[in-house]
Amino acid sequence: MSEEYKVKCIRCGACFSKEDVVYTCRKCGGLLDINYDYSGIDIERVVEAIGEGVWKYRVLLPFAEDIKPITIKEGNTPLYKCGRLAKSIGVDELWVKHEGMNPSGSFKDRGMTVGVTKAIELGVKGVACASTGNTSASLAIFAAKAGIPSYVLLPKGKVALGKVAQAMMHGAKVISLRGNFDDALRIVRVLCEEEKLYLLNSVNPYRLEGQKTIAFEIAEKLKWKVPDRVILPVGNAGNISAIFKGFLELKTVGITGSIPKMTGIQAEGAKPVVNAFKEGRGEIIPEDKPETIASAIRIGNPVNAAKALHAIRDSGGVAESVTDDEITKAQLELARQEGIGVEPASAASIAGLKKLVKMGEIEREEKIVCITTGHLLKDPERVIEICEAPKEVDADVDLIRKMVK
Ligand code: AN7
């Protein structure tokens, strides 16, 4: 593992110590990044690494050799080649990396294994987050595994059932806030400062170190050749920033030769990053009333927007939005053509691909990876809404025989 790293502000370059509990730059308020001495990274230890999941890539994680990870065997998710869907969309080569196959059912586990391991190293008394659902489920699980208390703030009535159930079951103190996700994040940040709880939203740069391993796994599965494009949903904008960093690191240390076009998809009713991208701005204008059926990405003031906009522009990618109807349609197609069950936010990546192909922005020859961030079972209520209801019948074989004809 890489003990040699800096916690550095992406805006003014100020550095902070590893023992410091700091989330944003104390000098200018900018986002922080974990920087390694890449000249000291042994490529063989990345390419030849044994093991599986996030900790396989421990040379590029910010810990000393002897650290004991808090892990529930996260990562190592399947990368499916999707021939039928590719054909119907009109592209030659489409892969789906299904992050819903993580232990808690979302990609957040990758960030939490690193984040909670750091929390234990720092010796904090508890951990906390605001969440649209998946972050809280994952935090509750890792806190349980670590044996420390967790506190989660959820926007009341706006979180999918499966996610709340997980947070409750694994023992988090769940607080239902009369407000939206952005309100919850604002409040939990104050709470963490005052109560000395460790904040594990994606503003915490250690979270992103775990999530960047999505890039490592994609590259490795494709025999260290990177795809032309990676498409994923964007909410708080941490994951797209993390995956870009992962690909950048592989290129920096000399394992790969290029970086995929990072392509971020938001919902029509919550698209501050898309607007900033299209208007050529480096900062977003927050949206007061974000609204979409994809509750995971119902976020109006994404904290990692500055990093995400860099990732998208520096890689030659784009940001685009899709409607709720387009999301639902893509969710059904992915389920029925490929057998991949995802929650609405995740289907935004497929909906975005379809739209960008139609617009001529994506070319047929591109090798594309879509990331589906969360599992279908996270949001059972939504499934019942969009699928045909089961037909109820008496226990009579003749009646049922007629139904299957
Ligand atoms: C399924 O759980 O923000 O752009 O609090 O659950 O890195 O925020 C969830 C985000 C995409 C967006 N897909 O990722 C939370 C939360 C799913 C998600 C995103 C989320 P980011």
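The values are calculated or read from the model by the stated rules, or taken from the named source; none is laboratory data. It should be emphasised that the depicted structure is a prediction, and the values quoted were computed from it without experimental measurement. Because the Cβ atoms are built from the backbone with ideal geometry, glycine has one as well, and the counts that use them run over all protein chains shown.
The table below gives the values:
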quantity: Residue in the range 274-288 that is within 13 Å of the ligand (Cβ to nearest atom), under 15 Å from the mean Cα position of the chain (by Cα) and either under 24 Å from Thr71 (Cα atoms) or part of a loop (DSSP other than H, G, I, E, B) (or both) present; calculated: no
quantity: Identity of the residue in the range 166-190, surrounded by 17 or more Cβ atoms within 10 Å (Cβ to Cβ) and assigned to a helix (DSSP H, G or I), that ends up farthest from the ligand (Cβ to nearest atom); calculated: Arg189
quantity: Matching residues in the range 49-87 - criterion: being assigned to a loop (DSSP other than H, G, I, E, B) and more than 23 Å from the chain's Cα centre (by Cα); calculated: Ala49, Ile50, Ala64, Glu65, Asp66, Ile67, Lys68
quantity: Conditions (1) assigned to a loop (DSSP other than H, G, I, E, B); (2) surrounded by 14 or more Cβ atoms within 10 Å (Cβ to Cβ): number failed by Val393; calculated: (2)
quantity: Flag for Gly83 being at pLDDT 95 or above, under 30 Å from Val357 (Cβ atoms) and within 16 Å of the ligand (Cβ to nearest atom); calculated: no
quantity: Scope the range 90-110; condition surrounded by 23 or more Cβ atoms within 10 Å (Cβ to Cβ) and away from the ligand (no atom under 15 Å from the Cβ); matching residues; calculated: Leu94
quantity: Candidates Ala143, Ala86 - the one that is over 30 Å from Glu361 (Cβ atoms) and of a type in the set (A, V, I, L, M); calculated: Ala143
quantity: Residue that is assigned to a loop (DSSP other than H, G, I, E, B) and either away from the ligand (no atom under 16 Å from the Cβ) or surrounded by 24 or more Cβ atoms within 10 Å (Cβ to Cβ) (or both), where the choices are Thr132, Thr117, Thr113; calculated: Thr132
quantity: Options Ala130, Ala167, Ala143, Ala137: the member that is small (Gly, Ala, Ser) and farther than 18 Å from Glu74 by Cβ; calculated: Ala130
quantity: Failed condition for Glu326, given (1) within 19 Å of the chain's Cα centre (by Cα); (2) within 18 Å of Ser295 (Cα to Cα); calculated: (1)
quantity: Filtered residues of the range 317-341 (kept if closer than 20 Å to Asn275 by Cα and surrounded by 19 or more Cβ atoms within 10 Å (Cβ to Cβ)); calculated: Gly317, Val318, Ala319, Glu320, Ser321, Val322, Glu326, Ile327
quantity: Selected residue [assigned to a strand (DSSP E or B) and within 13 Å of the ligand (Cβ to nearest atom)] from Gly264, Gly300; calculated: Gly264
quantity: Hits in the range 135-165 (condition: closer than 18 Å to Arg110 by Cα, within 14 Å of the ligand (Cβ to nearest atom) and out of contact with any Ser or Thr (no Cβ under 6 Å at 6 or more places or on another chain)); calculated: Thr135, Ser136, Phe142, Ser150, Lys163
quantity: Selection count where residues are among the hydroxyl-bearing types (Ser, Thr, Tyr), out of contact with any Pro (no Cβ under 9 Å at 6 or more places or on another chain) and more than 18 Å from Asn236 (Cβ to Cβ), scope the range 107-150; calculated: 1
quantity: Qualifying residues in the range 332-365 (those that are in contact with a Leu (Cβ under 7 Å, 6 or more places away or on another chain) and not in a helix (DSSP H, G or I)) - the one farthest from Glu388 (Cα to Cα); calculated: Ile362
